[in-house]
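Scroll down for the structure; my scribbles are underneath it.
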Amino acid sequence: FSCKSCPPNTDSEKASTKKSACVANAGYTGFDGLPAEACPVGQYKAITGSSECHSCAATISTSELGSIRCTCNLGYYSPSPSVDGSTCLPCAQGYAANETDLVECRLCPRGTYTSNENTASTACVSCQEHADTMSNGSTLSSQCLCNAGYTGNSTCVACQLGKFKSASGSDACQLCEE
């Protein structure tokens, strides 16, 4: 008498005596004693056995076949990850998540802002050339101010020869005093 291997993607307890003791691994589904199929992308199964795979909610997904839990989509985070992804929250304005399954969103650095008026930004957007924000976490393109030596609103242009601007903002360049 020799031990036999369980079918693909299944396993059994020690000292099992029947092929039907081979049950689907977590992330897989199928009948006991038969090969198990991987849960498709967008579904998960956290436990062993013949139960079916469960679908992830709209703000969450799985990135590969055979997942044992859902992960937060881009633009979302979970301060306390759960198997079904029910704790995924959208990133607030001024924050972004360009990776899945983050426990917190990343604060947009100075010189960037979030482009979404709402939430769930996947990336911080850079200010136009020769402009900067006054702080981290900016939420609007209008918070991008032309650097000193440049003027404008949507486009920052250099002060003309013989003019200057010593502060950030959209103020006009001043004539140099002679």
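In table form, for the structure just shown:
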quantity: Output for segment 51-71, where each listed residue is hydroxyl-bearing (S, T, Y) and surrounded by fewer than 15 Cβ atoms within 10 Å (Cβ to Cβ); calculated: S51, S63
quantity: Positions within segment 3-33 being within 15 Å of I68 (Cα to Cα), assigned to a loop (DSSP other than H, G, I, E, B) and open to solvent by 50 Å² or more (accessible area, probe 1.4 Å), in sequence order; calculated: N9
quantity: Some residue of segment 84-106 being surrounded by fewer than 14 Cβ atoms within 10 Å (Cβ to Cβ), modelled with pLDDT under 90, more than 14 Å from the chain's Cα centre (by Cα) and in a loop (DSSP other than H, G, I, E, B); calculated: yes
quantity: Residue within segment 55-76 that is touching a Lys or Arg at 6+ places or on another chain (Cβ under 6 Å), without any contact (Cβ under 8 Å) to a residue 60 or more places away in the chain, farther than 30 Å from A24 by Cβ and part of a loop (DSSP other than H, G, I, E, B) present; calculated: no
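The values are calculated or read from the model by the stated rules, or taken from the named source; none is laboratory data. Computed from a prediction, not measured in an experiment: that's the story for all the values here. Positions of Cβ are generated from backbone atoms using ideal geometry, with glycine treated the same way; all protein chains shown enter the neighbour counts. All accessible areas refer to the heavy atoms of the entire protein, side chains included, with ligands and DNA or RNA removed. Shrake-Rupley method; radii C 1.70, N 1.55, O 1.52, S 1.80 Å.
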